[in-house]
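> This is the structure I have questions about; it appears just below.
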Amino acid sequence: MIIETFPVGWLQCNCTILGDEQTREAIVIDPGDDPGAILARLAAHQLTLKEIMITHTHIDHVGAIFDLQENAGSSASIHKADLLLLDKLEVQAQFLGMPEAPPRGAIDRYIDDGDAVAVKGLELGVIHTPGHTPGSCTFHLEGDRNILFTGDTLFKQGIGRTDLWGGSYPQIITSIQKKLLSFDDDTLVISGHGPTTTIGHERRQNPFLR
């Protein structure tokens, strides 16, 4: 399994490339910006991009979808509850003081809790974890050690903002406590920004979950 996470864009969203070493097919999670860098890393691993998965549709997580699709022809998935945010990229750009919004990529699939998205040799489960946005999702990679890609729902000793469009503090706390904390302590958490953590660390140290 190939797993590489690196920050992209001016808000340093964590973009992750997942690839199968046998089939060379890949999934990209949250291509927020820097499509050239993402394509270069895919090429360095000799991977073919098949699927783009978006934890939520804030502008810093979706900016490179269009360019990746233009170059790789890959499909993209979001939760339908976040479609409104994707349709308002210009408003998001104005809010952040960006000169212009990125082109909107095409959405090929709406995902929901309990779904799975797969390429040859690799599958991600979908957990709907609303609160940061109505359609925020966490992606679960099952293996010898579980990995959760939590987007902006759960950070190392923090949680995502709930004061933006459609955010809800009660919802995000419920999503974390009822869904994410059900995983074992050694489960690795790769967040949408910042360093990795574990479920056990957050269970013990996250001030929002005490």
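The values are calculated or read from the model by the stated rules, or taken from the named source; none is laboratory data. Small disclaimer: the values here were computed from a predicted structure and weren't measured. Because the Cβ atoms are built from the backbone with ideal geometry, glycine has one as well, and the counts that use them run over all protein chains shown.
> Condition first: assigned to a strand (DSSP E or B) and polar (S, T, N, Q). Now tell me which residues in region 1-12 satisfy that. Spell out the reasoning first.
We begin by selecting, within region 1-12, every residue assigned to a strand (DSSP E or B); these are 2-8.
Hit for region 1-12 is Thr5, nothing else.
> How do the pairs read when you match residues in region 37-49 that are basic (Lys, Arg) with residues anywhere that are part of a loop (DSSP other than H, G, I, E, B), using Cβ under 9 Å and keeping only pairs 6 or more apart or on different chains?
Arg41/Leu47
> Moving on. Would you check which residues across region 10-43 are surrounded by fewer than 18 Cβ atoms within 10 Å (Cβ to Cβ) and under 20 Å from Glu70 (Cβ atoms) and list them?
Gly36, Ala37, Ala40, Ala43
> Sort out which residues of region 100-127 are in contact with a helix residue (DSSP H, G or I) (Cβ under 8 Å, 6 or more places away or on another chain) and outside any loop (DSSP other than H, G, I, E, B), and write them in order of number. Give the derivation first.
Kept after step one, since they are in contact with a helix residue (DSSP H, G or I) (Cβ under 8 Å, 6 or more places away or on another chain), are these residues of region 100-127: 100-107, 110, 112, 127.
If the condition is that a residue be in contact with a helix residue (DSSP H, G or I) (Cβ under 8 Å, 6 or more places away or on another chain) and outside any loop (DSSP other than H, G, I, E, B), then Tyr110, Ile127 are the ones that fit.
> Within region 1-12, count every residue that is modelled with pLDDT under 95 and hydrophobic (A, V, I, L, M, F, W, C).
3
> Got a number for residues in region 56-85 being of a type outside the set (Gly, Ala, Ser) and either surrounded by 22 or more Cβ atoms within 10 Å (Cβ to Cβ) or under 18 Å from Phe149 (Cα atoms) (or both)?
12
Yes or no, residue by residue, for (1) over 18 Å from Gly160 (Cβ atoms); (2) surrounded by 13 or more Cβ atoms within 10 Å (Cβ to Cβ); (3) among the aromatic types (Phe, Trp, Tyr):
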| residue | (1), (2), (3) |
| --- | --- |
| Phe95 | no, no, yes |
| Met98 | yes, yes, no |
| Gly105 | yes, yes, no |
| Ile111 | yes, yes, no |
| Ala116 | yes, no, no |
| Leu122 | yes, yes, no |
| His128 | no, yes, no |
| Pro134 | no, yes, no |
| Thr138 | no, yes, no |
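> Of the residues that sit in region 92-120 and are over 14 Å from Met53 (Cβ atoms) and modelled with pLDDT of 95 or more, which one is nearest to the chain's Cα centre (by Cα)?
Result: Asp113.
> Residues in region 183-193: is at least one buried (at least 18 other Cβ atoms within 10 Å of the Cβ), of a type in the set (Ser, Thr, Tyr), modelled with pLDDT of 95 or more and out of contact with any strand residue (DSSP E or B) (no Cβ under 8 Å at 6 or more places or on another chain)?
No; the residues of region 183-193 include none that is buried (at least 18 other Cβ atoms within 10 Å of the Cβ), of a type in the set (Ser, Thr, Tyr), modelled with pLDDT of 95 or more and out of contact with any strand residue (DSSP E or B) (no Cβ under 8 Å at 6 or more places or on another chain).
> Quickly run through region 144-174 and pick out the residues that are surrounded by fewer than 20 Cβ atoms within 10 Å (Cβ to Cβ) and free of Cβ contacts under 8 Å to residues at least 40 places away in the same chain.
Just the residues of region 144-174 that are surrounded by fewer than 20 Cβ atoms within 10 Å (Cβ to Cβ), to begin with: 144-146, 156-158, 161-171, 173-174.
Across region 144-174, the qualifying residues are Asp144, Arg161, Thr162, Asp163, Gly167, Ser168, Tyr169, Pro170.
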